1. Give a residue-ordered list of calculated ³J(HN,Hα) values for the range 215-228 (Karplus: 6.51 cos²θ - 1.76 cosθ + 1.60, θ = phi - 60°; whole Hz; x for Gly, Pro).
2. Stretched out fully, how many nm does the piece from Thr46 to Ser354 gain, at 0.36 nm a residue minus the Cα gap?
3. Over the Cα atoms, compute the radius of gyration (one decimal) and Dmax (the largest Cα-Cα distance, rounded to a whole number) for the range 354-399, in Å.
4. Which of the residue pairs Lys105/Lys379; Lys204/Lys379; Lys37/Lys77 have a Cα-Cα distance greater than 29 Å in the structure shown?
5. Between Ala378 and Asn279, what FRET efficiency comes out of the Förster formula 1/(1 + (r/R0)^6) with R0 = 41 Å and r the beta carbon distance, rounded to 0.05?
6. Which longest run of the chain has no exposed loop site in it, a site being trypsin sites (Lys or Arg not before Pro) in a DSSP loop with at most 13 other beta carbons within 10 Å, and the site itself not part of the run?
7. Ignoring ligands, DNA and RNA, what percent of the accessible area of the chain is carbon or sulfur (1.4 Å)?
8. What list of ³J(HN,Hα) values in whole Hz, one per residue of the range 97-110 in order, does the Karplus curve 6.51 cos²θ - 1.76 cosθ + 1.60 (θ = phi - 60°) give from phi, with Gly and Pro shown as x?
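The values are calculated or read from the model by the stated rules, or taken from the named source; none is laboratory data. Just so you know, these numbers come straight off a predicted model, no measurement behind them. Cβ coordinates were reconstructed from backbone atoms using ideal geometry, including for glycine residues, and neighbour counts include every protein chain displayed. With ligands, DNA and RNA removed, areas are computed over all heavy atoms of the protein, side chains included. Shrake-Rupley method; radii C 1.70, N 1.55, O 1.52, S 1.80 Å.
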Amino acid sequence: MGVQRSDRSRPPGTVPVVIIGAGIGGLTLAAICRQVKLPCIVLERTEELTPLGAGISLAPNALRVLEQLGIYQHVRKHGQPLRKMLVHYDTERWREMDFTGLEDKFDYPVYSIERATLHGLLLDAAGGKEAVTWGSKVTDIIDDKAASHVVVRTADGRQFSCDIAVGADGIRSVTRRILARNSGLDSINSISFTGRVHMSGYTKPLQGLGREQEGVGNWLFYDDAILTTWPCKDNRQWYIGVKRVNVGEKEPSKSVWVGATKSTVNEVYGDRFHPFGANKTVRDIVDQSERIIASNVFEEKDFPHMSCGRVALLGDAAHSMTSFFGQGACQAIEDATELSNALIRHYLFPSITSLQDGLDRYTEVRDKRGRELVSFSAKYAGMHVARLPYGLGPLTRRIVYGWLPMWCWFWGLEWLYGYQPVVEDLGVDLSI
Ligand SMILES: Cc1cc2nc3c(=O)[nH]c(=O)nc-3n(C[C@H](O)[C@H](O)[C@H](O)COP(=O)(O)OP(=O)(O)OC[C@H]3O[C@@H](n4cnc5c(N)ncnc54)[C@H](O)[C@@H]3O)c2cc1C
């Protein structure tokens, strides 16, 4: 083990890369490092794999690199491609939207999969449980310009030396806070609570559904709430509802719905219409759930740079976004791919591409895309819940979901799904 091309100055006990966080982005990067034999250490604060959430949807922009890494074949096995979305306003059917053309246009459909399954697939690709140093909560990162290496410290007093530290530590990133501190900024919180709360769940196979409902999801609009249900394998659905928090209930620092149960969700949605419910209510779906999770919705307000010195950020640590368009994890995967390209280029040709050059390029490419996605997600959220300036929300929503032709949808998704980064030199062996 060891990167010989550029590690001549590396003291024993140091590695090229320390990744902070074994979430979706961190594990994707670790899986790439494993394939190109670039040694890395993954530090994860939890004692074992603990994926939050219920299900997750993966779009074409993330699937190409997952195919390159050999993960897509498992996503296909365990996941469900989206075929159609039924759109309802209460009980009124607006439309059946056909997404089968996505695969022809973008080479991949949108796949929904249980979140824990995806997390497990990424962990396997990264080398399994042994690839992660569990129970390692990072508390500090010292990137002293005069020192040859970056030092990452954990809460229990251990320290790890590396060429580059990657903060893949999610929405409440300690890495981001340390970067802010190192840049002399007082404000260390760049995310803000949107005033909305997610409730999501994952059902058992729904009884009474047949082949024709496989791959069919639902966009459900009610007067004061929305609910989306995504189709998973075996006619399971994972659902995500968003509720505006009542005035006075708004707590910027913690989830006001922690500990939500089926009855919590049913209080909000239970009696509303759902076309797949045995009695045509959401309650029928919620009562069939294996798991319910609630979380506050945050978004980025003040973007940190994606790298500073020898520390880089990826995923939610750099750009939290509302989940309305299901892109947070896809963006973490894109980030990991582009960051790996910068690292591989550096370790292959250290005299031509310095680490700083690589990180600068990563920052240039990803800062822009991250901001675009956060902005797009926020605007999309406004349209989805029919809250747009000048009272245009309801009409816009009606046009977009009720009448806009599918070719317009696909055209409008080109910038998002058509960008499919890959690892440029996945075949290299950096240990040689
Ligand atoms: C309800 C809901 C539904 C969503 N649906 C979708 C969807 O359909 N599609 C989609 O693309 N995205 C979706 N998202 C967004 C997506 O979940 C996130 O954007 C994605 O998980 C971000 O990945 P990440 O690797 O940046 O962070 P995470 O996956 O959050 O991983 C961060 C990791 O870092 C660890 N960590 C944190 N602090 C430390 C520390 N100090 N030391 C060590 N380890 C630490 C954490 O324990 C965690 O394992 C959804 C989000 C929510 C809340």
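1. x, 10, x, 9, 9, 10, 10, 10, 4, 10, 7, 9, 8, 10
2. On the way: separation 308, 0.36 × 308 = 110.88 nm, distance 3.36 nm.
Between Thr46 and Ser354, full extension yields 107.5 nm more.
3. Final numbers for Rg and Dmax: 16.8, 52 Å.
4. On the way: Lys105/Lys379 24 Å; Lys204/Lys379 33 Å; Lys37/Lys77 27 Å.
Table pairs above 29 Å Cα-Cα are Lys204/Lys379.
5. On the way: r = 36 Å, r/R0 = 0.87.
For Asn279 and Ala378, the calculated efficiency is 0.70.
6. Numbers: sites that count: Arg8, Lys145, Arg158, Lys254, Lys280, Lys301.
The answer is 9-144.
7. Numbers: 9460 of 18440 Å².
Its accessible area is 51 percent carbon and sulfur atoms.
8. 9, 9, 9, 5, x, 4, 5, 5, 7, 10, 6, 9, x, 8
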